[in-house]
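The values are calculated or read from the model by the stated rules, or taken from the named source; none is laboratory data. Small disclaimer: the values here were computed from a predicted structure and weren't measured. Neighbour counts are summed over all protein chains in view; Cβ atoms, including those assigned to glycine, are modelled from backbone coordinates with ideal geometry.
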């Protein structure tokens, strides 16, 4: 396939997204930049939700894994996603009622400013590493199509994503992700149909399955045990994933937040099975996934140019969608860390400029990580483990356990996240002592155990903070607790969050910041 086709198609695609990014652009305030002014409809946020989680990286990994594992590969990414969306269906209205800009704001209001800061550090690392995993996938994809080096492929991917992420903020991210969702769907359908045709049709695929694979290859549940580590790490991390929470926090009301999860589930179920079927369908064409990946090899060597271009744009669109989201969210948490460090009031326009600088910084760090550890699945697993082990218990249980306090939350994040970070530097090549193997479920289970024990143990061993717990509970209507005069005047609560604007309805909170 001529690279001129691809360059022309990519240029046209980029110009379309750039136009979308500039359409009715609003980035005057921090809420505009990070939540789209709480004006985005549920169906659009759901598409952005799916385009973010179900990135091209997921498609590329799932197709290759299905070629070797069969139906059981669904548990690598499909199973954890479904579990997480079910959990978010229950949590969505609570998250939206809290009326805060980010998880930093939630942790700061529920516990303390220090707890929010520690969470922001762990979450920023997670987002940058998650973005790096997408950069790896797209770098390899561009390397095959354009016949360039991996590093240049990553650089091109970042350049495209960074441009419209910095211009339009969250609104641009959501609008472009909605467009990318359509491109991606078309690319996946072409990939599946093409895999069936290249493999010789349904009869040839069935014959190959009978000759080369056993009955377990088509058994969905055979993959649950081998992929348990992914189910745990991805399932818990996706439940508290900042990208998902950002889309729920950006809705118009708590009811709309729940609608986002319902729409997302309708999209997710067929999509994850579609890529598994595509991987299985390619079995007659490839005994093992080619080094460049099944999707890239099909598109460059087996499809007509027009169909190769469709697949190329579809996959590239999905991966850049996720990269853009990780950059936008990384900048949110880096911006909050920066404004705290300045120890003074920062004007809204200044925050937007800080956010743009933070977006650029996240892109640079992500590039370095991607080049140093060019394994998309390894990076995604490590990022998910760190978020799950570090943040899950203090963030989720903080909504429900009144006795939990700041000391317990900080100890949990530092202990659990620190343990996974220790494993991460080992993956990067530092020769530190460890007893678990690469990709072992043991590591994430130990990290989760450390986090839970510290959260419960330290909270029970130190003084309770019932006033803050009751104020937070009342804010999200989680229980009978009410905000008394002392809680309402609590300096710890008020100092970390700008006042929320209540519009007079029973369910709606709108916020000016975290």
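Please enumerate the residues belonging to the range 428-448 that are out of contact with any helix residue (DSSP H, G or I) (no Cβ under 6 Å at 6 or more places or on another chain) and either over 13 Å from residue 386 (Cα atoms) or modelled with pLDDT under 85 (or both).
Correct list: 428, 429, 430, 431, 433, 435, 437, 438, 439, 440, 442.
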Enumerate the pairs (first residue in the range 260-277 and touching a residue at least 60 places away in the same chain (Cβ under 8 Å); second residue anywhere and buried (at least 22 other Cβ atoms within 10 Å of the Cβ) and outside any helix (DSSP H, G or I)) with beta-carbon separation below 7 Å, excluding pairs fewer than 6 apart on the same chain, so at least 6 apart or on different chains.
260/251; 268/54; 271/54
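Here is a yes/no grid of residues against (1) at pLDDT 85 or above; (2) surrounded by 24 or more Cβ atoms within 10 Å (Cβ to Cβ); (3) over 30 Å from residue 112 (Cα atoms); (4) over 23 Å from the mean Cα position of the chain (by Cα):
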{"residue": "266", "(1), (2), (3), (4)": "yes, no, yes, no"}
{"residue": "270", "(1), (2), (3), (4)": "yes, no, yes, no"}
{"residue": "274", "(1), (2), (3), (4)": "yes, no, yes, no"}
{"residue": "292", "(1), (2), (3), (4)": "no, no, yes, yes"}
{"residue": "325", "(1), (2), (3), (4)": "no, yes, no, no"}
Scan the range 193-230 for residues that are surrounded by fewer than 17 Cβ atoms within 10 Å (Cβ to Cβ) and closer than 30 Å to residue 324 by Cα and jot them down.
193, 228
Result of the Cβ filter at 9 Å on the range 356-378, keeping first residues that are within 26 Å of residue 233 (Cβ to Cβ) and partners that are in a loop (DSSP other than H, G, I, E, B) and modelled with pLDDT under 85, at least 6 apart or interchain, is 369/428; 372/428; 372/429; 373/428; 373/429; 377/439; 378/438; 378/439
I need every pair where a residue in the range 209-230 that is over 13 Å from residue 73 (Cβ atoms) has its Cβ under 9 Å from the Cβ of a residue that is assigned to a loop (DSSP other than H, G, I, E, B), sequence separation at least 6 or different chains.
212/287; 229/439; 229/440
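Count, please, the residues in the range 340-384 that happen to be in a helix (DSSP H, G or I) and more than 30 Å from residue 149 (Cβ to Cβ). Steps first, please.
Within the range 340-384, the subset in a helix (DSSP H, G or I) is 340-342, 348-372, 376-384.
Subsequent filtering for residues that are more than 30 Å from residue 149 (Cβ to Cβ) retains 340-342, 348-355.
Of the residues in the range 340-384, 11 are in a helix (DSSP H, G or I) and more than 30 Å from residue 149 (Cβ to Cβ).
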Sort out which residues of the range 390-434 are more than 21 Å from the chain's Cα centre (by Cα), in contact (Cβ under 8 Å) with a residue 60 or more places away in the chain, more than 12 Å from residue 451 (Cα to Cα) and not in a loop (DSSP other than H, G, I, E, B), and write them in order of number.
406
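Sort through 341, 383, 388, 362 and tell me the only one that's surrounded by 24 or more Cβ atoms within 10 Å (Cβ to Cβ) and modelled with pLDDT under 85. Let's see the steps before the verdict.
Details: 341 fails: surrounded by 24 or more Cβ atoms within 10 Å (Cβ to Cβ); 388 fails: modelled with pLDDT under 85; 362 fails: modelled with pLDDT under 85.
Answer to the check: 383.
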Candidates 123, 117, filtered to the one that is surrounded by fewer than 23 Cβ atoms within 10 Å (Cβ to Cβ) and within 30 Å of residue 458 (Cβ to Cβ)
117
Given the conditions (1) modelled with pLDDT of 95 or more; (2) in contact with a helix residue (DSSP H, G or I) (Cβ under 7 Å, 6 or more places away or on another chain), every one holds for residue 457 apart from (2)
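Condition check: without any contact (Cβ under 8 Å) to a residue 12 or more places away in the chain and touching a helix residue (DSSP H, G or I) at 6+ places or on another chain (Cβ under 6 Å). Does residue 352 satisfy that?
Values: without any contact (Cβ under 8 Å) to a residue 12 or more places away in the chain: no; touching a helix residue (DSSP H, G or I) at 6+ places or on another chain (Cβ under 6 Å): yes.
No.
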Residue by residue through the range 276-290, note down the ones that are crowded, with 20+ Cβ neighbours inside 10 Å and assigned to a loop (DSSP other than H, G, I, E, B).
285
